[in-house]
Every structure is written in structure tokens, then in C-alpha cells.
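The structure appears right after this line, and notes come after that.
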2 protein chains.
Amino acid sequence: MTRKNTRHQHLTLRDVSEASGVSEMTVSRVLRNRGDVSDKTRAKVIEAAKKLGYVPNKIAGALASNRVNLVAVIVPSLSNLVFPEMMAGVDEILGDTPLQPVIGTTNYDPAKEEKTLFEMLSWRPSGVIIAGLEHTDASRAMLANCGVPVVEVMDVDGDPVDAAVGISHWRAGYQVGTEIVARGYRRVGVLGTKVDGDHRARKRLEGLERALAEAGVTVADHMAYSGWSGFAKGREMTKAMLERTPDLDFLFYTNDLTGAGGLLYALEMGLDVGDTLGLAGFNAFTLLDGLPRKLATVDSRRREAGQVAARIVAGTHVFDSEDRRIELVPTFIPGDTLRPVRID
Amino acid sequence: MTRKNTRHQHLTLRDVSEASGVSEMTVSRVLRNRGDVSDKTRAKVIEAAKKLGYVPNKIAGALASNRVNLVAVIVPSLSNLVFPEMMAGVDEILGDTPLQPVIGTTNYDPAKEEKTLFEMLSWRPSGVIIAGLEHTDASRAMLANCGVPVVEVMDVDGDPVDAAVGISHWRAGYQVGTEIVARGYRRVGVLGTKVDGDHRARKRLEGLERALAEAGVTVADHMAYSGWSGFAKGREMTKAMLERTPDLDFLFYTNDLTGAGGLLYALEMGLDVGDTLGLAGFNAFTLLDGLPRKLATVDSRRREAGQVAARIVAGTHVFDSEDRRIELVPTFIPGDTLRPVRID
DNA sequence: ATGAAAGCGCTAACAC
DNA sequence: GTGTTAGCGCTTTCAT
């Protein structure tokens, strides 16, 4: 059986070679701008390729050259805004390179992460960008042995396999805690998610609790929700919490969206937001700029984390030290939902 | 030069074969659960593979089998929430299949789309999911000839290359227009984006204008912004527009986020939202549920579009007719920012 | 149930 | 500047 010319048989270098009367090798060189090829030959080849509608086969190219321009990007979910934002940072940087992101999601499940990772590594990507520092032992082993740059993003509280870029969520939480006590709040309620595998939210809370503890304050009430974050969830939870613990003077939301819902609710209830009741969220979603009051929050710098991670993978990042942990500073944004710092 | 055992030399089937004393072929069968292999052999192979930490090479596998479990997903941007939401729908469905999404962005630029598409097709994906129906001729040719399912998503106003899934933005706009005139509004302002390649926003507007025209109404003012959508943009533009055209009785925002900003502004100004000034956005972002008033909007059903597209690519979707255009219905949600329909 | 041989479409390395 | 040869690591096919 000879080469079929059925509709969807892909064209090969050989087809271009025959059509242009040039060897496959030279065609290959032209199509990759490699080595010296005369202008005349180049023109012939390019014309033939275009006329035929030739699309190179990177599978074959990758196998032959042992080079794959794919980057594995592994995140818990696409439904939580922070991950697409990080990916937008990655994409922005990779746009200037030949690299292409391949996306895998884990649904906050370490076992699924392990499967996804195995799957993606079998494509022999040129780099791996993965959210978080907590993985199964098997995942860590794969990351350690895959032989390409691995960047764990959006967290630096822990031991990275290779490189890590992001904020310290513990320190971010700690900072929020110090701001809370410095402003004289003492009855703190926390509203967060129920997601088990959300280590970043957990670390934020631990940092917060630590800062409070150092001032002799403990979290007075805590409430966790499951499902999607949004204003409505923030409203409901705020209402419920203030009903069951009316003497709270501060509410910390682990997410700006629920925080914004709480803010809207508190304003409608006529509460003295800021003074009697301080509020703070987390993440600094720019789409929320323009609320009736600016919610206090912390910029978790996920977009930059994605950018730096992409640069590391692309090989254009220069590390300042031998430490391959890059800690971004989580800017605290006081907004208009806190009272001034007390100078005792 | 014989096989090197340097640290990052990847393991091959051969290594597993040698370690287990079984032929490469049988190892391959075990690792893919193909064909008959005795339990004893199977166990030996699996143990050896695990012990060595073998990760198969899909590049080689794909070349040999001519099967690639990648799906190309091409969107204008990751910064506009609607695209990650569509991708979440895709991801949800592909999660139950061996398929993996590869992401490409176009930045609303047809030339970049063409490049991205070429790049992605050279991986010989098993399917293509691409936002919109407007592409360069070269892009359309590539899509038509790539030999795998192609689904154009989030729009059905046009001729798809293969299949299309989404709402008709024209009809969605038209419906908003009929609602506006049915409620007696006559001085309509439109607030949209400046993005050139945003055909969906354009079609929405055209549909809106048509419905208004049929009632003898024309758009009284129009304003376009560039940059990111958010509440702040909505506030600014609303203020500016109401100052330059104070007699408007309706504002249509091509995006919920700016719409929400406008709503907040109008409420603060003490405007009689609903009756004196009707407001509507677009997209029905669930994260906005819980605003002081529910903004009228239209559900553009992007998540479902992603789901259906993924099913088509995965081959699990059954078409009702020979028409491979699947039109989703853009639910109109009146919210609390419109006055009642007039029954004249 | 297992193995041997051939080859997927390309590129590295070398020849001319 | 251009061509030839020999694989890359798998899977297909066919033999046993």
C-alpha cells in the first residue's frame, strides 16, 4: 500500500521535498531557519510549503530533537479567579517565547495532582509550573527527577523541590493580624472556605492567629463555607456570624469576594464600618476597585508570580542568590474599612 | 557511545524491560492495559516500572500510534473572566477523558490567532476549541483541513468551519433591546469596550440597535473604554455619560462588571434606579450575586458552551440534526434595575 | 501469552 | 549550501 492521498492524511516534509525538488533535510532547515540555505532554495521551499498548506509535525520533531516547547501548568481549579490570574502572568511572558502552556487541574486533590503530573510529565515538557508546595511524596519525586525547571508558585512557606515564587501566606496573615491589633480590635471573627487542600488559606489563618496571640487575642468566631465565593456568600455568612457573636469588632475574610459581600451587608445594616466593625479581605482583586468603600485587603501578587515563574522556565530569570525561593512582598492595602492605628 | 546513565537521562521501555526480564513489547502492553498479559508478568512489570520511576514518553507513543490526547483551546485572553469560565467548562468534561487542554491566547489579534493556531496544530491535537467565528482565511483553511473536530465557541452568529456552540450575541442584544423598549425607556446610552476584535460585543450592540430601531429609538449616547473592566471603570463612565447626556433613561453595559460599578454609582447619587434610570449588564457573573440591587443581565452561558464543546471533541456529544451549530439560549435576567413592562 | 521487525516524521551528525 | 544516514522511543503487525 503506497502513500494514500485521502483528505486528512497529513502532509510530511517529504511532500514538500517532492513538490519543491529539494531534499527533506534542506526543507527542514528552511522551515526552522537553521543553517545556511541559499535564498533561491529557501524561496522555492517556502512557496511549496505554503501552497500545499504544510503544517510541521512537532511530535516527530520533538522526538528527533529531544526538545519540547510545552510548559506544564498545574493549578487546583480554574473557577477560583486567582489561578487564571496567575496563568495570565505566565501567558504574558511565554507569549514572547516559543513555549506553550499545557493546563492541568487537580481540584485541590493531591491524588489527582499526582495523576495529572504524571500525565503531563509524559509529554516531556520544558518546564513545570505548579501551584503550591504541598504534594504527595510520589509527586515530589517526579518533580525532582524530571530534569527540567520546576517552579512552585503562589506560596513560599515550605521547601520547594527546585524553585518557588510567591508570597508567604503565613506572613501575609501575620501582617493582617498585626494591623488588626495595632488598630485596637480585639474581638476577631474569621470567614473562610472549607476546602481541605487549600494550604494557602490555612497558612494565612495560622499567621493571623499567631499575630493575634502575641497580643493576647484569640479568634472569637470562625465560619467556613463550601462552594463558590461571591458577594452573596459573604452577606449570608456575615449576617449569621454577627447574629451568633454580636460583639465582634473585626471580620477577616480569606477572600475579597466574600469580604465585599460582607462590606455591602454591613453598610446596609448601617453598621459603623471601620470604627465599630473593621473588615479585611484578601487578594486585592482589581475588579472590585469602585466598591462604596475600599475594602482593606492584601495583594497576593499572583500575576507577578506567574510572570516570574514563566521567566524561570524560559531561562530568562537571573537569581540574585543561590536560594531559588523568590519571596514576593504581599502589599497590605488598608482601604477604608479600618480605623487608624492607635498610638498608645 | 553506549547508553549513558547520567542523572536526567529519561528511562525508556527498554530499561523497564531489562529490569523485569520481559520484552519491551510486553512491557508496553502492561503499561497501556492492552492485550492479554499474564498476571504474573503484569505484576513483575508494574513493580519494575514503579521501582525505577518510569514515566512513559507520550511523544514517542503519539508518533508511533498517530494518536495525540491533546486538545487545543484558543481564546483571546485569560484576563477577561468569561474565557477562564468557558475553559472551566471544558476542563470539567475533559477531566473524565484522557484528553488534556493546551491553551493558546490571541490577544484579540487575528494574525496572532493564526500563528497560535499553526503552532498548536503542529502538535496534531485530537480537537480544537476556539473562541469566535471570525478568523483569517488562512486560519479557516487550517481549521477546515486539520482533520479533527473543530468547535467554535461562545458565538453562533456566522458560518462555523465545523461545529459551533454558544449563544447568538446578536439575538441576546436584540432581546435586551426589546426589553428596554417594552418597559418604555427611550433615551438609551451604551457603555462598552474599545477592543477591535471583540466581535461578540459588536454583535450584541447591533442586535440592540436593531430592536431599538424597530421601536423608533436610536442610541442616544455611546462611550467606549479600553483596559480592564471593573467597578471603577463603570463608575467613571457612568458619571461622565450622565453629565454629558443628562436625559438618558437607560444604560446598557456590555459587561456586568462595569454595569455593577454604574449601579453602585447611581445608587449613591440617589438616582431612582429602575424607574427613572434603567440599567442592564451582560454575562451574568455569579460572583456579583449579592449587590445591593440585582443588576439586570443576560446569561451568556459560556461554561455550558465549554462543556458541550469538550463533549463534541471527546466524541460523546450526539447532534440532534445535521446542523452542527448548537445555539444556547441566552437567558434574560430582569433583576431589580428595570421598571415593569408597560402594557399599553 | 509473548516476542521480533518495521516504521511513525522528523532532526543530529556527518559527508560532500 | 546541500544531501545521506541513522536513529529518537514508542506501537503496529505479524509470527510463534
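The values are calculated or read from the model by the stated rules, or taken from the named source; none is laboratory data. It should be emphasised that the depicted structure is a prediction, and the values quoted were computed from it without experimental measurement. Neighbour counts are summed over all protein chains in view; Cβ atoms, including those assigned to glycine, are modelled from backbone coordinates with ideal geometry. The area values use the complete protein model at the heavy-atom level, side chains included, leaving out ligands, DNA and RNA. Shrake-Rupley method; radii C 1.70, N 1.55, O 1.52, S 1.80 Å.
Brief remarks on what is shown
- Ordering of A:272-278, A:18-24 by burial proxy (mean other Cβ atoms within 10 Å per residue, highest first): A:272-278, A:18-24
- Semi-axes of the equivalent ellipsoid for the protein assembly as shown, Cα gyration tensor, largest first, Å: 47, 36, 21
- Considering only B:N57, B:N33, B:N145, the Gaussian network model of chain B with Cα springs below 10 Å gives its largest mean-square fluctuation to B:N33.
- For A:E322, the distances from its label point to the matching points in the remaining copies are 7.1 nm, ordered from shortest, with each point set 7 Å beyond Cα toward Cβ.
- Rounded to the nearest 10 Å², the accessible area of A:C146 at probe 1.4 Å: 10 Å²
- Seen against the Cα atoms of chain A and their longest principal axis, helix A:302-314 is set at about 30 degrees.
- Average accessible area per residue (Å²) across the range A:13-56 - probe 1.4 Å, nucleic acids and ligands excluded: 65 Å²
- Rg then Dmax, both in Å and based on the Cα atoms of the range B:53-101: 14.1, 40.
- Degrees separating the helix B:199-214 axis from the principal Cα axis of chain B, which is the longest one: 30 degrees
- In degrees, nearest ten, helix A:231-244 long axis to first principal axis of chain A (Cα): 30 degrees
- Nm distances between copies for A:E24, ranked from closest, using label points 7 Å along Cα→Cβ: 1.9
- Nonpolar atom fraction for chain A, defined as the carbon and sulfur part of the 1.4 Å probe accessible area, stands at 49 percent.
- When chains B and A come together, the accessible area they lose, probed at 1.4 Å and totalled over both chains, is close to 5100 Å².
- Annotation: Cα Rg of chain A relative to the compact-globule expectation 2.2 N^0.38 Å equals 1.29.
- Estimated FRET transfer efficiency (A:K239, B:K50; beta-carbon r; R0 56 Å; 0.05): 0.60
- 1.4 Å probe accessible area per residue over the range B:210-261, in Å²: 39 Å²
- Kirkwood-type hydrodynamic radius, the range A:169-299: 14.3 Å, calculated from all non-identical alpha-carbon pairs.
- Take the Cα radius of gyration of the range B:268-344 and divide it by 2.2 N^0.38 Å, N being the number of residues; the result is 1.55.
- Considering only A:G166, A:G207, A:G35, the mean-square fluctuation computed in a Gaussian network model of chain A, springs between alpha carbons under 10 angstrom, is largest for A:G35.
- Gyration tensor (Cα) of the range B:13-56, equivalent ellipsoid semi-axes in angstrom: 14, 10, 9
- With a 10 Å cut-off around each Cβ of B:77-87, the average count of Cβ atoms from other chains is 5.
- The range B:190-225 versus the range A:115-135: alpha-carbon centroid distance in Å: 44 Å
- Reach of B:K40 by Cα under 29 Å, taken over lysines that are not fewer than 8 positions away in the same chain: A:K112, A:K115, B:K50, B:K51, B:K58
- Rg to Rh quotient for the range A:100-149, alpha carbon positions, Kirkwood Rh: 0.91
- Heavy-atom accessible area, probed at 1.4 angstrom with all protein chains present, ranks B:I167, A:I333 as A:I333, B:I167, highest first.
- Nearest beta carbon of chain B to the B-to-A rotation axis, with distance in whole angstrom: B:P84, 2.
- Spin-label zone in the range A:42-62 - amide nitrogen under 16 Å from a point set 7 Å from the Cα of B:S65 along the C-beta vector: A:59-60
- The range B:56-74 and the range A:279-340: distance between their alpha carbon centers, rounded to Å: 37 Å
- Solvent-accessible surface (1.4 angstrom probe) belonging to B:I46, in square angstrom, nearest 10: 80 Å²
- Near B:P334, once Lys and Arg are set to +1 and Asp and Glu to -1 for all other residues with Cβ below 13 Å from its Cβ, the sum equals +1.
- Sorted from closest to farthest, the other copies place their B:R293 label points 2.3 nm away, with each point set 7 Å from Cα along Cα→Cβ.
- Averaged over the residues of peptide A:95-104, the number of Cβ atoms from other protein chains lying within 10 Å of each residue's Cβ is 4.
- Averaged over the residues of peptide B:281-292, the number of Cβ atoms from other protein chains lying within 10 Å of each residue's Cβ is 5.
- Simple spin-label estimate for A:R32 and A:K194 gives 5.4 nm between the two label positions (7 Å along the Cα-to-Cβ direction from each Cα).
- Note on A:F118: accessible area is roughly 80 Å² with a 1.4 Å probe, heavy atoms of protein only.
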